[in-house]
Amino acid sequence: MMTILEQLKEDHDNLSRLLAILEQKVRKLRTGEHPNFGLMAEAIDYITNFADAYHHPWENEIYKHFQGRDEQLDKAMNYCADQHHEMIHLGSELAESVDCILHDAVIPMDQFTDRLELFVVKQVEHLKLEDEELMPALLRVANTVDWQTLEKALSRPEDPLFGTTQSRRYSELYQQLLLANESF
Ligand SMILES: [Fe+2]
Ligand SMILES: [Fe+2]
């Protein structure tokens, strides 16, 4: 069993790996190359259906626990919670566009690339804000009892990509991540 802080770091590391893959897709699209949209769809699906659906609500619960302890921290937490909301919106728009492409609908590629890039930029910004500003502020006010309380209160489903068993819907993405690991 991972602690909450370990889990948080793990989630963020995993998300960063997927966002790096999507950044690479943005670069390919900008040079006019045709990227693997199936793989892209899996990465976006994971982020919107797992990260947006479980990681962020799980963080919202952590934020709620620490609400009212420190003004700066409250500000950062409220801002991050707003970003969670915004990312859901961007993610569902993007998922819809990818779905259209996979179903051979004609979509202007430059518009699609802008949308993908905005999604990636917002996600990366958010991770950075949580890691560099929110977490240090939160760690300053948190004590052992807080973590014990949260460990008991919070639960979440098995991760369908980075967990012990992988869902078939992410099979291509999983292979890609294994390959990327080997080349490091
Ligand atoms: Fe978050
Ligand atoms: Fe996060």
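The values are calculated or read from the model by the stated rules, or taken from the named source; none is laboratory data. None of these values were measured; they are calculated from a predicted model. Cβ placement follows ideal geometry from the backbone for every residue including glycine, while neighbour counts extend to all protein chains displayed.
Annotations for the structure displayed:
- Candidate set from the range 123-132 (those that are free of Cβ contacts under 8 Å to residues at least 60 places away in the same chain and surrounded by fewer than 17 Cβ atoms within 10 Å (Cβ to Cβ)); member that is nearest to S92 (Cα to Cα): E125
- Considering residues of the range 143-184 that are small (G, A, S) and closer than 20 Å to S16 by Cβ only, the residue surrounded by the most Cβ atoms within 10 Å (Cβ to Cβ): A180
- Restricting attention to the range 57-93 and to residues that are within 25 Å of Y174 (Cβ to Cβ) and out of contact with any Leu (no Cβ under 7 Å at 6 or more places or on another chain), the residue that is nearest to ligand 1 (Cβ to nearest atom) turns out to be E59.
- Residue within the range 63-80 that is touching an Asp or Glu at 6+ places or on another chain (Cβ under 9 Å), surrounded by fewer than 18 Cβ atoms within 10 Å (Cβ to Cβ) and on the phi > 0 side of the Ramachandran plot present: yes
- Flag if R156 is within 30 Å of K75 (Cβ to Cβ), modelled with pLDDT under 95 and within 22 Å of the chain's Cα centre (by Cα): yes
- Residues in the range 117-162 that are among the charged types (D, E, K, R) and within 14 Å of ligand 2 (Cβ to nearest atom): K122, E125, K128, E130, D131, E132, E133, R156, D159.
- Qualifying residue in the range 49-56 (condition: within 11 Å of the chain's Cα centre (by Cα) and away from ligand 1 (no atom under 16 Å from the Cβ)): no
- Look at the range 32-56: where a residue is touching a residue at least 40 places away in the same chain (Cβ under 8 Å) and part of a loop (DSSP other than H, G, I, E, B), no partner that is hydroxyl-bearing (S, T, Y) and more than 16 Å from ligand 2 (Cβ to nearest atom) sits 6+ places away or on another chain with Cβ atoms under 7 Å.
- Residue check, M109 within 12 Å of ligand 2 (Cβ to nearest atom) and surrounded by 13 or more Cβ atoms within 10 Å (Cβ to Cβ): no
- Some residue of the range 152-167 being under 19 Å from P57 (Cα atoms) and part of a helix (DSSP H, G or I): yes
- Residue satisfying condition, being aliphatic (A, V, I, L, M) and more than 24 Å from Q24 (Cβ to Cβ), within set L129, L90, L134, L116: L134
- Scope the range 144-164; condition under 22 Å from H65 (Cβ atoms), free of Cβ contacts under 8 Å to residues at least 24 places away in the same chain and among the polar types (S, T, N, Q); matching residues: T144, Q148, S155
- For T31, the stated conditions do not hold, so it cannot be described as hydroxyl-bearing (S, T, Y) and surrounded by 17 or more Cβ atoms within 10 Å (Cβ to Cβ).
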